[in-house]
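J.: Can you read through this structure? Questions will come right after.
The values are calculated or read from the model by the stated rules, or taken from the named source; none is laboratory data. The shown structure was predicted, so the numbers you read here are calculated from the model rather than taken from an experiment. Positions of Cβ are generated from backbone atoms using ideal geometry, with glycine treated the same way; all protein chains shown enter the neighbour counts. Please note that ligands, DNA and RNA were not included when accessible areas were found on the heavy atoms of the full protein model with its side chains. Shrake-Rupley method; radii C 1.70, N 1.55, O 1.52, S 1.80 Å.
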Amino acid sequence: MIKFIQKLNRLYQSLVLDHRLLVIICFICVIALLGYMAREFKIDASSESLLIENDKDLRYARQVGDRFGVNDFLLISFAPKKGDLLSDKNLDVLKRLRDELVQLEQVESAMTILDVPLLQSPPLSYEDLSKNIPSLTTPAVDKKLARNELQQSPFYRELLVSKDMRFTALILNLKLDPIQSELIKKRNTFLDKKAQGRLSDQETIEYEKLVRKIRNRQTELNVIQHQNIKAVRAIMDNYRAEAELFLGGISMIADDMISFIKNDLRVFGLGVFFLLFVMLGFIFKSLRWIMLPMMCCFLSVVAMMGILSAFGWEVTVISSNFISLQLIITLAIVVHLVVRYREFQKNEPDASQRTLVEKTVRSKFIPCLYAALTTIAGFGSLLLCDIKPVIHFGWMMSAGILVSLGLTFILFPSVKMFLKKPAMPSDPVFLKFSFPGFLARFTEANGRAILIITVVVSVFTVMGINHLEVENSFIDYFKQSTEIYKGMEVIDRNLGGTTPLDIIVRFDAVEEEEEDEFFDEDELLLTPQGPQSDENLNKYWFFEHRMETVEQVHDYLNALPETGKVLSLGTILKIGRSMNKGRTLDSLDMAVLYEKLPDDYKQMILAPFVSFENNEARFSIRIKDSFKSLKRNALLKRIKYDLVHKLNLEPEDVRLAGTMVLYNNMLQSLFASQIKTLGFVACALMIMFLVLFRSVKVAFIAIFPNLLSAGFVLAVMGWMNIPLDMMTITIAAISIGIAVDDTIHYIYRFREEIKTDGDYYRAMHRSHASIGNAMYYTSVIIIIGFSILALSNFWPTIYFGLFTGMAMFVALVAALTLLPQLIVLLKPFGPRKL
């Protein structure tokens with residue numbers, strides 16, 4: 001093994017140092033190719049990208065969409081700036097806005113207060129339902145009665161108008177993509193076979209091709225969706241002088257998240273680069289020590305973007321921080337090389353450039369390789385998730401770490417060999433007070449205090465982690481000053497809520513005797529024209545026990561403080577009761593109502609809530625995303641429990657579906673893969689430390705500061721009530737990755753220093769004065785560089801900047817206090833020499 005490593009070392013030196021021009025030329029060609037491929041780099045924040053592929057609820061949600069005709073939608077809140085909402089002028093503005101919007105290619109239909117039937121303005125009888133039902137556009141409609149109906153109607157209140165009649169909604173139903181729907185159906189067929197172990201080799205190839213087609217089509221749909229939302233906003237802009245307008249809907253949120261992420265990558269990416277540039281100049285005071293690290297950082301990011309594009313992996317909201325992490329990892333490697341080179345130059349001023357470069361690379365490659373491998377293990381928990389973008393993020397980071405390592409150890413020595421040896425290095429001005437030196441003295445003088453503080457911090461960490469919650473509140477991703485936050489808040493509070501949730505209740509088929517009570521056999525089978533159609537039979541679906549159950553479920557859901565608008569057959573029953581002079585509708589009344597209702601109104605107010613073929617009733621709910629005490633997972637469990645145990649429904653007859661269920665499943669999967677597998681990651685790191693250092697004591701010493709650093713960051717989130725969601729869940733893996741880097745470098749250097757005199761405290765001071773400075777430089781540069789992210793309007797970006805900085809600082813302090821104290825206490829490298 002040693003001979004093999006020596007051969008690799010000679011080959012490496014021959015290529016990188018002796019044939020550096022050839023290496024640089026080849027390097028430029030590879031980077032140019034990857035840079036060209038990086039043009040296809042994409043960001044995908046669609047809901048499809050965040051769902052669990054084999055999630056049964058996902059497939060059921062699609063079945064519900066097909067069965068009840070549920071489409072994705074956009075919602076526009078409309079509040080006139082002058083006059084009454086129902087004034088002719090404002091209704092004309094609303095009409096012109098609606099007419100423009102329905103002309104858009106991706107808009108299938110629109111529903112506004114201008115389009116819905118008015119049954120109480122004046123009151124209509126059942127016989128009147130078969131005639132032309134009035135609406136707000138009907139000349140003879142009574143506006144005063146219409147106002148009262150819109151404000152009091154169980155269907156329209158908080159769906160199309162706010163309680164105070166200040167806001168109204170335009171609901172734009174978006175077209176489904178038949179191509180994508182068909183591709184997903186084919187994929188589900190393959191997934192069924194795969195789950196049963198019946199997928200042949202040929203079908204596996206076809207399945208992989210199909211997955212690529214779905215991904216490519218989703219990319220096209222993301223572009224179409226963005227253009228559609230852009231067009232909707234352009235039309236809205238033409239009416240902002242006459243009305244206050246806000247756009248809402250899950251599609252809009254996903255599209256805006258992409259825009260925020262792209263904007264942050266562009267604006268703050270440049271800001272981070274600038275601050276890193278300034279900090280490198282401030283610390284090293286040399287153009288070469290600015291340009292070379294920044295070149296390595298920039299080219300490593302370009303290389304990874306090209307690699308991701310080559311594999312067709314899109315960056316999602318979960319993996320959107322990979323570029324920043326790539327910068328951190330690359331910069332840490334380069335700074336360690338720079339500091340080590342300067343140490344050798346200071347200690348051996350007469351050494352040649354080749355000697356300095358060769359000794360630098362030789363001394364730092366093994367610890368950097370160890371750090372890279374253990375950091376990859378730290379991100380290993382991401383690979384245990386069920387969500388492909390999370391798995392891809394794990395592979396992205398693993399590949400990115402290796403790219404950074406390989407690129408830096410090729411580019412740094414090759415470029416340095418082209419440059420003359422620099423002037424003798426001098427310490428930065430701020431190092432006249434050496435922070436690593438201070439921590440070394442503090443550790444030597446206060447070893448017992450450090451252990452006591454560690455115990456206290458450990459208790460703080462355990463208690464804080466127990467306060468962690470898993471939540472996904474879209475509105476909390478944005479600052480209150482942003483347009484999207486204001487719009488979501490208006491819609492949430494006035495127009496029925498944000499996040500869709502469906503409750504499906506299945507009824508047993510009626511017994512033959514029960515049918516006889518409703519109608520006789522001749523009525524069922526025959527009409528004057530012959531056998532009855534399915535459409536005629538549908539009117540006999542409304543048995544009284546079904547309607548009673550529907551109303552009970554509807555009233556229960558409507559009474560929950562977390563729910564906004566609830567729509568169901570129960571809504572129709574309440575409207576029918578008002579038409580029936582307050583008398584509850586029986587089965588015959590509903591049959592008459594169904595028969596008299598025009599087909600277009602059946603499609604609008606009945607078809608989305610009843611599946612006659614499947615004996616199912618759908619309850620459409622919008623959850624108030626801004627409800628402060630909302631606990632999504634607990635709410636879903638409570639609804640299921642109450643429907644079964646309080647309303648006496650059978651468990652198999654109740655299903656929850658919709659966006660809220662799917663995102664909750666995603667969050668729970670993320671939580672399980674990240675938090676619950678921290679033990680697995682700890683074991684994996686322990687094994688790697690054992691392999692690397694071949695000492696149980698050293699492995700134990702190395703693992704504890706890592707887990708404490710990662711746990712401390714999570715504990716702070718818990719104490720600050722910052723929930724774990726799809727954006728912050730990866731902080732645990734990031735924290736471990738950062739802490740591992742410091743630990744490996746320090747232990748490796750300490751092991752070298754202890755050989756000098758066997759004195760643990762002197763070895764500690766020397767380690768702090770050497771590798772401690774490199775760790776300090778890296779931490780200061782990154783903490784200050786990423787502090788600019790706090791200026792973002794997107795809270796996940798802010799959290800990433802702040803918690804990355806915190807992880808860097810905690811890892812640095814732990815590595816320069818707790819880690820050396822444990823080494824001194826346990827003496828893993830043998831007893832102290834006298």
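J.: Applying the selection to segment 221-259, what residues are under 21 Å from the mean Cα position of the chain (by Cα), open to solvent by 50 Å² or more (accessible area, probe 1.4 Å) and aliphatic (A, V, I, L, M)?
T.: Across segment 221-259, the qualifying residue is only Val223.
J.: Looking at (1) open to solvent by less than 50 Å² (accessible area, probe 1.4 Å); (2) closer than 30 Å to Met666 by Cα; (3) not in a loop (DSSP other than H, G, I, E, B), can you tell me which one Asn71 breaks?
T.: Unmet condition: (3).
J.: Give just the number: which of (1) closer than 21 Å to Ala449 by Cα; (2) hydrophobic (A, V, I, L, M, F, W, C); (3) open to solvent by 20 Å² or more (accessible area, probe 1.4 Å) does Leu802 not satisfy?
T.: Of the numbered conditions (1) closer than 21 Å to Ala449 by Cα; (2) hydrophobic (A, V, I, L, M, F, W, C); (3) open to solvent by 20 Å² or more (accessible area, probe 1.4 Å), the odd one out for Leu802 is (1).
J.: Now a separate question. Read through the list (1) out of contact with any helix residue (DSSP H, G or I) (no Cβ under 7 Å at 6 or more places or on another chain); (2) in a helix (DSSP H, G or I); (3) open to solvent by 50 Å² or more (accessible area, probe 1.4 Å), then give the number of the only condition that Ala140 fails.
T.: The one condition Ala140 does not meet is (2).
J.: Scanning for something modelled with pLDDT of 85 or more, out of contact with any helix residue (DSSP H, G or I) (no Cβ under 9 Å at 6 or more places or on another chain) and among the hydroxyl-bearing types (Ser, Thr, Tyr), does segment 636-643 turn up at least one residue?
T.: Taking every residue of segment 636-643 in turn, at least one turns out to be modelled with pLDDT of 85 or more, out of contact with any helix residue (DSSP H, G or I) (no Cβ under 9 Å at 6 or more places or on another chain) and among the hydroxyl-bearing types (Ser, Thr, Tyr).
J.: Something else about it: Hey, any hits in segment 287-304 for a residue that's buried (at least 22 other Cβ atoms within 10 Å of the Cβ) and in contact with a strand residue (DSSP E or B) (Cβ under 8 Å, 6 or more places away or on another chain)?
T.: No, that holds for no residue.
J.: Restricting the search to segment 74-126, which residues are aromatic (Phe, Trp, Tyr) and modelled with pLDDT of 90 or more?
T.: Listed by number, the list holds a single entry, Phe78.
J.: Could you say which residue among Met660, Met666 is open to solvent by less than 50 Å² (accessible area, probe 1.4 Å), in a helix (DSSP H, G or I) and touching a strand residue (DSSP E or B) at 6+ places or on another chain (Cβ under 6 Å)?
T.: Only one candidate passes the filter, namely Met660.
J.: Please state which of the following conditions Leu94 fails to meet, knowing it meets all the rest: (1) surrounded by fewer than 14 Cβ atoms within 10 Å (Cβ to Cβ); (2) within 38 Å of the chain's Cα centre (by Cα); (3) part of a helix (DSSP H, G or I).
T.: The one condition Leu94 does not meet is (1).
J.: Also, I was wondering about something else. Which condition does Leu51 not pass, out of (1) under 18 Å from Leu667 (Cα atoms); (2) at pLDDT 80 or above, if it passes all the others?
T.: (2)
J.: Here is a follow-up. Looking only at segment 706-722, count how many residues are open to solvent by less than 10 Å² (accessible area, probe 1.4 Å) and over 22 Å from the mean Cα position of the chain (by Cα).
T.: Selection size over segment 706-722: 2.
J.: Related question: So is Val681 over 24 Å from Asp625 (Cα atoms) and either modelled with pLDDT of 90 or more or assigned to a strand (DSSP E or B) (or both) or not?
T.: In short, no.
J.: I need a count of the residues in segment 779-834 that are more than 38 Å from the chain's Cα centre (by Cα) and more than 14 Å from Pro705 (Cα to Cα).
T.: 11
J.: Does Leu692 satisfy the criteria of being of a type in the set (A, V, I, L, M, F, W, C) and either at pLDDT below 75 or within 25 Å of Phe365 (Cβ to Cβ) (or both)?
T.: Yes, satisfied.
J.: Is there any pair with a first residue in segment 596-616 that is under 11 Å from Lys539 (Cβ atoms) and a second that is among the small types (Gly, Ala, Ser) and open to solvent by 30 Å² or more (accessible area, probe 1.4 Å) whose Cβ atoms are under 7 Å apart and which are 6 or more apart or on different chains, and what are they?
T.: Once the first residue is under 11 Å from Lys539 (Cβ atoms) and sits in segment 596-616, its partners that are among the small types (Gly, Ala, Ser) and open to solvent by 30 Å² or more (accessible area, probe 1.4 Å) give Lys596/Ser130.
J.: Taking segment 97-117, which residues are assigned to a loop (DSSP other than H, G, I, E, B), acidic (Asp, Glu) and over 10 Å from Leu136 (Cα atoms)?
T.: Glu105
J.: Here's a follow-up. With the structure loaded, tell me whether Ser626 is of a type outside the set (A, V, I, L, M, F, W, C), touching a residue at least 60 places away in the same chain (Cβ under 8 Å), under 23 Å from Phe73 (Cβ atoms) and touching a strand residue (DSSP E or B) at 6+ places or on another chain (Cβ under 8 Å) or whether it fails that test.
T.: no
J.: Follow-up question, since we're still on this one. Can you tell me how many residues within segment 74-104 are in contact with a Ser or Thr (Cβ under 8 Å, 6 or more places away or on another chain) and not aliphatic (A, V, I, L, M)?
T.: 5
J.: Any idea which residue in segment 332-363 is farthest from Trp395 (Cα to Cα), counting only those that are of a type in the set (Ser, Thr, Tyr) and open to solvent by less than 40 Å² (accessible area, probe 1.4 Å)?
T.: Among those that are of a type in the set (Ser, Thr, Tyr) and open to solvent by less than 40 Å² (accessible area, probe 1.4 Å), it is Tyr341.
J.: Out of curiosity, is Thr461 under 30 Å from Leu667 (Cα atoms), modelled with pLDDT of 85 or more and open to solvent by less than 30 Å² (accessible area, probe 1.4 Å)?
T.: yes
J.: Next question, about the same structure. May I ask you to list the residues in segment 723-759 that are out of contact with any helix residue (DSSP H, G or I) (no Cβ under 7 Å at 6 or more places or on another chain), open to solvent by 10 Å² or more (accessible area, probe 1.4 Å) and in a loop (DSSP other than H, G, I, E, B)?
T.: Pro723, Asp759, listed by residue number.
J.: Hey, does segment 309-316 have a residue that's buried (at least 22 other Cβ atoms within 10 Å of the Cβ), within 21 Å of the chain's Cα centre (by Cα), among the hydroxyl-bearing types (Ser, Thr, Tyr) and within 30 Å of Lys213 (Cα to Cα)?
T.: Checked against the condition, which is being buried (at least 22 other Cβ atoms within 10 Å of the Cβ), within 21 Å of the chain's Cα centre (by Cα), among the hydroxyl-bearing types (Ser, Thr, Tyr) and within 30 Å of Lys213 (Cα to Cα), segment 309-316 yields at least one hit.
J.: May I pose another question? Among the listed residues Phe700, Phe680, Phe689, identify the single one that is hydrophobic (A, V, I, L, M, F, W, C), open to solvent by less than 30 Å² (accessible area, probe 1.4 Å) and under 26 Å from Ile747 (Cα atoms).
T.: Just a single option satisfies the conditions, and that option is Phe689.
J.: Whether any residue in segment 364-379 is surrounded by fewer than 19 Cβ atoms within 10 Å (Cβ to Cβ), among the charged types (D, E, K, R) and out of contact with any Phe, Trp or Tyr (no Cβ under 7 Å at 6 or more places or on another chain) is what I want to check.
T.: No.
J.: Within segment 260-286, can you find the residues that are open to solvent by less than 10 Å² (accessible area, probe 1.4 Å), among the β-branched types (Val, Ile, Thr) and at pLDDT 80 or above?
T.: Ile283
J.: Further, regarding this structure: Determine which single condition Pro608 fails, assuming it passes every other condition in (1) in a helix (DSSP H, G or I); (2) open to solvent by 10 Å² or more (accessible area, probe 1.4 Å); (3) in contact with a helix residue (DSSP H, G or I) (Cβ under 6 Å, 6 or more places away or on another chain).
T.: (1)
J.: Select, from Ser473, Ser481, the only residue that is in contact with a Leu (Cβ under 8 Å, 6 or more places away or on another chain) and closer than 30 Å to Leu170 by Cβ. Give the derivation first.
T.: Numbers: Ser481 fails: in contact with a Leu (Cβ under 8 Å, 6 or more places away or on another chain).
Ser473 is the lone residue from the list that is in contact with a Leu (Cβ under 8 Å, 6 or more places away or on another chain) and closer than 30 Å to Leu170 by Cβ.
J.: Sort out which residues of segment 761-772 are surrounded by fewer than 24 Cβ atoms within 10 Å (Cβ to Cβ) and touching a residue at least 60 places away in the same chain (Cβ under 8 Å), and write them in order of number.
T.: Correct list: Tyr761, His765, Ala769, Ser770.
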